[in-house]
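Taken together, the values in this text are just the output of simple stated rules run on the coordinates, not laboratory data. Remember, it's a predicted structure, so these values are computed and weren't measured experimentally. Cβ placement follows ideal geometry from the backbone for every residue including glycine, while neighbour counts extend to all protein chains displayed.
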Amino acid sequence: MSKLLISIILFFFIGCTSSNSKKIPEIKEIDTESILNSPMSLDRHVLETCYNLNTGLAPIYLNDIMTHLNNKTGLWKECYFYTMSIYCNSLTNEQEPQFQAALFEYFLHNPAQYLSFLDKTTFEISDCLLSNLSAYVNNHVLNDEITLISIKNVVYKHCS
């Protein structure tokens, strides 16, 4: 209950407007042909998942997706986040902390995109993302590692 309350409070404090970007971005920024014709790789898995060409999960890529998510830009960042979110309901206990940290960092630096994604995704995925974000925030606020005010300030800085 407290996790849900923290999530709701965060979103009321944030006040970001969601952008109307598509859940699956246009292909023009990404060299899809060479990636899709290459051997299976992280980028190919992300691209195939992002465009629903292959909806199977490949857990061997999840750690790399979480590691590289916040280093990507533009359409790649959207595709990496979309792909990471697909794994949300399939996380192991060992994967949850890293997933929550990557999700929190994405939320801090891309609040409008995060909120827009929540508006467009399924209930199961949005509920899982919100629960994981709330668990991360709740854990770090209770341990006095971060404050709600500091979260709000960083999110406002990146809200566009």
Compute the projected area of the convex hull of the Cα atoms of the range 65-160, averaged over all viewing directions, and report it in nm² to one decimal place.
6.1 nm²
What net charge is computed for the residues neighbouring residue 146, neighbours being all others with C-beta under 13 Å from the C-beta of residue 146, Lys and Arg scored +1, Asp and Glu -1?
-2
Give me the distance in nm between label points sitting 7 Å out from Cα along the Cα-to-Cβ direction at residue 31 and residue 94, one decimal.
3.5 nm
Kindly write out, for the range 47-58 in residue order, the coupling ³J(HN,Hα) from the Karplus curve 6.51 cos²θ - 1.76 cosθ + 1.60 (θ = phi - 60°), rounded to whole Hz, with x marking Gly and Pro.
5, 5, 5, 4, 9, 6, 7, 8, 9, x, 7, 10
I'd like to compare 100-111, 52-63: which one has the highest average count of other Cβ atoms within 10 Å, and what's the full order after that?
100-111, 52-63
